[in-house]
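Participant: Before I ask anything, here is the structure I am working with.
Just so you know, all these numbers are worked out from the coordinates, no wet-lab data involved. Just so it is clear, the model here is predicted, and its values are computed rather than measured. In this analysis, Cβ positions are derived from the backbone assuming ideal geometry, glycine residues included, and neighbour counts consider all displayed protein chains.
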Amino acid sequence: MSSYCAHAREHPLHQPFHDREHGFPVRGEAALFERLILEISQAGLNWDLVLKKRESLRRAYDGYDVDRVAAYGEADQARLLADPGVIRNRLKIRAAVHNAGVLRDLRGSHGGFAGWLDAHHPLPKADWVRLFRKTFTFTGGEITGEFLMGTGYLPGAHDPGCPAGERAAALAPPWTTAPAGFYSAA
């Protein structure tokens, strides 16, 4: 099986994402929420589809404004289920709304999503998965791992020697601040 680095090379959708976003540190609430929704949306589907629908998803979810999405009622959820620009899955849509409410609540306890992630970092992937399952909806092992790797909280987003990975690492994503050998021992 080829790596994402190899798969993304010269691909019109994947290469820009790989080269500028995948594995790079993410801090903003809307940006983190977007990445969580994208990973949830991808479950059982392929990443091509999610990247093709990315702009439509952004519009449909009000620019990933946590407060607005947390306030979505049945009419908003029905609107999303009827929108061909999004992944029309009732469970995924409900998870987005529920998780927006969780993120809003994390502001009071941790200053926001990034603060919550930082408060628990570093953790081995298995511990992150347990924490995400306890905190959010529709966040199993694959979704959690890809979200954390893609936002810089877990290593492994890029092959060794990948120029994009080297640029991402130069920005000191959280995984680079873990004690030496932490992830190899986990």
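Participant: Between ALA180 and ARG54, how high is the FRET efficiency from 1/(1 + (r/R0)^6) when r is the Cβ-Cβ distance and R₀ = 22 Å? Nearest 0.05. Provide the component values of the computation, followed by the final result.
Facilitator: Details: r = 36 Å, r/R0 = 1.65.
After rounding, the FRET efficiency stands at 0.05.
Participant: If packing is taken as the average count of other Cβ atoms within 10 Å, what order do 95-104, 10-19, 31-40 fall into, highest mean first?
Facilitator: Numbers: 95-104: 20.2, 10-19: 14.7, 31-40: 21.7.
Listed from highest to lowest mean packing, they are 31-40, 95-104, 10-19.
Participant: Oh, and also: If you add up the charges near LEU81, with Lys and Arg at +1 and Asp and Glu at -1, over every other residue whose beta carbon is less than 11 angstrom from its beta carbon, what do you get? Each step should come with its number before you reach the end.
Facilitator: Numbers: positive: ARG79, ARG88, ARG90, LYS92, ARG94; negative: GLU74, ASP76, ASP83.
Result for the local shell: +2.
Participant: Can you sort THR139, THR176, THR151 so the residue with the fewest Cβ neighbours within 10 Å comes first?
Facilitator: Working: THR139 23, THR176 13, THR151 27.
Fewest to most other Cβ atoms nearby, the residues stand as THR176, THR139, THR151.
Participant: Is it possible to state the helix-based mean residue ellipticity at 222 nm for the chain, with each DSSP H run of 4+ residues giving -39500 (n - 2.57), the sum divided by total residues, to the nearest 500 deg cm²/dmol? What is it? Please report the intermediate quantities before stating the final value.
Facilitator: Values: 13 runs with 115 residues, N = 186.
Rounded to the nearest 500, it is -17500 deg cm²/dmol.
Participant: What is the magnitude of the charge dipole of the chain about its Cα centre, with +1 placed on the Cβ of each Lys and Arg, -1 on the Cβ of each Asp and Glu, and no other charges, expressed in debye to the nearest 20? Numbers along the way, then the final one.
Facilitator: Working: 22 positive and 21 negative charges, 73 e Å.
Charge dipole, the chain, about its Cα centre: 360 debye, nearest 20.
Participant: If you average the sequence gap of Cα pairs under 8 Å that are 6 or more apart and divide by the length of the chain, what percent do you get for the contact order? Please list the in-between numbers first.
Facilitator: Values: 211 pairs, mean separation 53.1, N = 186.
The normalised contact order for the chain reaches 29 percent.
Participant: Over the chain, how many pairs of lysines fall under 18 Å by alpha carbon, counting only those 8 or more apart in sequence or from different chains? Could you put the intermediate results ahead of the total?
Facilitator: On the way: LYS52/LYS92; LYS53/LYS92; LYS92/LYS134; LYS125/LYS134.
Number of lysine pairs found: 4.
Participant: Please rank ASP83, ASP48, fewest neighbouring Cβ atoms within 10 Å first, as an exposure proxy.
Facilitator: Values: ASP83 16, ASP48 13.
Fewest-to-most ranking of ASP83, ASP48: ASP48, ASP83.
Participant: Between ARG27 and LEU131, what length in nm is gained on full extension when 0.36 nm per residue of separation is reduced by their alpha carbon distance? Can you show the working numbers first?
Facilitator: Working: separation 104, 0.36 × 104 = 37.44 nm, distance 1.91 nm.
Gain on stretching ARG27 to LEU131: 35.5 nm.
Participant: What residues qualify as long-range amide H neighbours of ALA157, i.e. H under 5 Å apart, gap of 5 or more or another chain, H built at 1.01 Å from N?
Facilitator: Those qualifying (amide H under 5 Å, at least 5 residues apart or on another chain) number zero.
Participant: State, to one decimal in nm, how far the label point of ALA6 lies from the label point of ASP62, with both points 7 Å from Cα in the Cβ direction.
Facilitator: Placing both labels 7 Å beyond Cα along the Cβ direction yields 4.4 nm.
Participant: Given Cα pairs under 8 Å that are at least 6 residues apart, what percent is the relative contact order of the stretch 79-186? Kindly include the intermediate steps, with their values, before the conclusion.
Facilitator: Working: 80 pairs, mean separation 21.4, N = 108.
Taking the mean separation of contacting Cα pairs over the length of the stretch 79-186, I get 20 percent.
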